[in-house]
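Enquirer: Quick one: this structure, given as structure tokens, is what I'll be asking you about.
The values are calculated or read from the model by the stated rules, or taken from the named source; none is laboratory data. Since the structure is predicted, the reported quantities are computational estimates derived from the model, not experimental observations. Neighbour counts are summed over all protein chains in view; Cβ atoms, including those assigned to glycine, are modelled from backbone coordinates with ideal geometry. The protein model used for the area step is the full one, side chains on, heavy atoms only, and it has no ligands, DNA or RNA in it. Shrake-Rupley method; radii C 1.70, N 1.55, O 1.52, S 1.80 Å.
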Amino acid sequence: MHYSINETHNPNLKSWVESANTPDTDFPIQNLPFGLFQPLGSTASPRIGVAIGNYILDLSQCSQLGLFQELPEAVQMACTAPTLNPLMAQGQKATSALRTCLSRLLQADEPSSPPNPSLLISMAEAELLVPAHIGDYTDFYASIFHATNVGKLFRPDNPLLPNYKYVPIAYHGRASSIRPSGTSIQRPKGQRKAPDETAPNFGPCRLLDYELEVGWFIGAANELGRAIAIDQAEEHIFGLCLVNDWSARDIQAWEYQPLGPFLAKNFATTLSPWVVTLDALAPFRCAAFQRPESDPQPLPYLTLSSDAQTSGIDITVEAWLQSAQMREQSIEPIRLSQTSFQYMYWTLAQMVTHHTSNGCNLQPGDLMASGTVSGPEAGSLGSLIEITQRGAQPISLPTGEERSFLQDGDEVILRGFCQKQGYARVGFGECRGIVQPSIDEV
Ligand code: MN
């Protein structure tokens, strides 16, 4: 394992940024996730920052003030870029060294770094952007529970296809429609054909859904033609975020065969703005999903030579919903699901290695996502199509409204965090989006 527990994970560390020391913050000094921000109303270039409590530490300014002088010149330069890609390209060792430097800089009792509040911007006064230029986006299908649940609805007699336990299944998504948390989602239009209709018609999606997913950004690239071995795969991951893969189920059901998702998925994808590094997640590693004995073992190129006990990550992920009526009546969002990333059938390393196994080249800033994170129990299902059995069992909201799928005005909120005795809680922040009506053109 390339990520070990070190001084940056010490639960006793406190920061001179007071809001980072409250027990329920997502961004204590032990987290230090990277993001891209712009002061509200500013037309200046975006800058790289690190979340600390309710503030953002401006890495561009830190670098220009010479606070990173112990780091290689290339890393100092990358911190002043208007996107995270150059820093991602520096690779995992550089990111780890920067993390140690940031941890020391933000510590309350660090004598060499007196508090310098001018390096901080309040999160409330900043716009958080998509953190990197995303060249390519791939969405996996790594929860066997989700794959089985959805497979049953689409193909009752043949839910799980025979390749599932051998191939980490994915489709190539669309990077251009990825947006940061807080962006409104316009209800897509498309071809829909209900099972009892003889021909499709065109109109606004009637079965709009969310998918609760974990995403990760690629750091160091691999050359075209050179696969990444499974034992090196995690060195190519810069960090993780939350992803909402908005899905139009009626469009999907009609279009998906034989080549997979297309317009049912590419109208919008929402990201949480902070990228939590694998370094920050080191205390929360756990065993990978235990395959039943009757399942095949992964092929050798997907088998880790060691570390099988730490190739999973226990990240609690949640989906919440607030309708327009709930908002008007000041009723808090309700939780639709809570589950853990440790239930995934394929590990991060297996997905990265499989992606490059044919020689496909990954580039800094490429985004991958896990597919819907669903667990084995009720309450752990990461999409409405699973929760409501494709609308057959609607859920009730505190206003008396019912939901089979998303209505205009509904806001979906994804949250994620890691908690473990003896360590500081590490959070992912939020991934939000409100559904807006279709527009009338077309
Ligand atoms: Mn998905």
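Enquirer: When the scattering of the range 356-431 is computed by the Debye formula from its Cα atoms alone, each counted once and equally, what is log10 I(q)/I(0) at q = 0.18, 0.19 Å⁻¹?
Expert: For the range 356-431, the Cα-only Debye profile gives -0.99, -1.03.
Enquirer: Quick check: the angle from helix 92-106's long axis to the longest principal axis of the chain, C-alpha only, nearest 10 degrees?
Expert: 60
Enquirer: Shifting gears a bit: Would you please report the Å³ per residue occupied by the convex hull of the alpha carbon atoms in the range 113-196?
Expert: 222
Enquirer: Right, next: Could you tally the net charge around residue 25, taking each other residue with its Cβ under 15 Å from the Cβ of residue 25, Lys/Arg +1 and Asp/Glu -1?
Expert: -1
Enquirer: Another one. Stretched out fully, how many nm does the piece from residue 160 to residue 324 gain, at 0.36 nm a residue minus the Cα gap?
Expert: Result for the pair: 55.4 nm of gain on full extension.
Enquirer: Okay, moving on. Radius of gyration and Dmax for the chain's Cα atoms, expressed in Å?
Expert: 21.7, 75
Enquirer: Also: In whole percent, and with a 1.4 Å probe on the protein chains, what portion of the accessible area of the chain is carbon and sulfur?
Expert: Values: 9470 of 18490 Å².
Carbon plus sulfur share of accessible area: 51 percent.
Enquirer: Assuming a viscosity of 0.692 mPa s and a temperature of 37 °C, what translational diffusion coefficient in µm² per second does Stokes-Einstein assign to the range 7-129, Rh being the Kirkwood radius over Cα pairs? All intermediate terms of the calculation are to be shown ahead of the outcome.
Expert: On the way: Rh = 14.5 Å.
My calculation gives 226 µm²/s for D.
Enquirer: Under the 0.36 nm per residue contour assumption, what length would be gained going from the current alpha-carbon distance of residue 436 and residue 226 to full extension? Could you put the intermediate results ahead of the total?
Expert: Details: separation 210, 0.36 × 210 = 75.60 nm, distance 4.37 nm.
Taking residue 436 through residue 226 to full extension adds about 71.2 nm, to one decimal.
Enquirer: Can I ask one more? Of all alpha-carbon pairs in the range 214-289, indicate the percentage at a distance above 15 angstrom. Present the calculation step by step, with values, prior to reporting the outcome.
Expert: Details: 1996 of 2850 pairs.
Across the range 214-289, Cα pairs with separations above 15 Å total 70 percent.
Enquirer: For the range 272-371, compute Rg over Rh where Rg is the Cα radius of gyration and Rh is the Kirkwood radius from the inverse mean 1/r over Cα pairs.
Expert: So for the range 272-371, dividing Rg by the Kirkwood Rh gives 1.08.
Enquirer: Relative contact order for the chain: what percent, with Cα pairs under 8 Å and sequence separation of 6 or more?
Expert: 21
Enquirer: Another question about this same structure. Any chance you could count the Lys pairs in the chain whose alpha carbons are under 23 Å apart, treating pairs 8 or more apart or on different chains as valid?
Expert: On the way: 14/420; 152/165; 152/193; 152/265; 189/265; 193/265.
So the count of such lysine pairs works out to 6.
Enquirer: May I ask you to derive the relative contact order of the range 7-129, considering only C-alpha pairs under 8 Å and at least 6 residues apart, and to give it as an integer percent?
Expert: So the answer I get is 31 percent.
Enquirer: For the pair residue 118 and residue 148, what calculated FRET efficiency results from E = 1/(1 + (r/R0)^6), where r is the Cβ-Cβ distance and R0 = 60 Å, to the nearest 0.05?
Expert: Values: r = 54 Å, r/R0 = 0.89.
With R0 = 60 Å, the Cβ-Cβ based efficiency is 0.65.
Enquirer: Roll a 1.4 Å probe over the protein heavy atoms and report the accessible area of residue 43 in Å², nearest 10.
Expert: 140
Enquirer: By how many degrees, 0 to 90 and rounded to 10, does the Cα axis of helix 144-154 deviate from the longest principal axis of the chain?
Expert: 30
Enquirer: For the chain, what is the calculated [θ] at 222 nm in deg cm²/dmol (nearest 500), taking -39500 (n - 2.57) for each run of four or more DSSP H residues and dividing by its residue count?
Expert: Theoretical 222 nm ellipticity from helices: -4000 deg cm²/dmol.
Enquirer: Enter the accessible area per residue of the chain (Å², integer; probe 1.4 Å; all protein chains in place).
Expert: The answer is 42 Å² per residue.
Enquirer: Extending each Cα 7 Å along its Cβ direction at residue 357 and residue 12, get the distance between those two points in nm, one decimal.
Expert: Roughly 4.7 nm, to one decimal.
Enquirer: Report the gain in length on full extension from residue 93 to residue 40: 0.36 nm times residue separation, minus Cα-Cα distance, nm rounded to one decimal.
Expert: Residue separation times 0.36 nm, minus the Cα-Cα distance, leaves 15.8 nm.
Enquirer: Let me ask you something else. So how far apart, in nm, are the two label points at residue 201 and residue 309 if each is 7 Å from Cα heading toward Cβ?
Expert: Result for the modelled spin labels: 6.1 nm.
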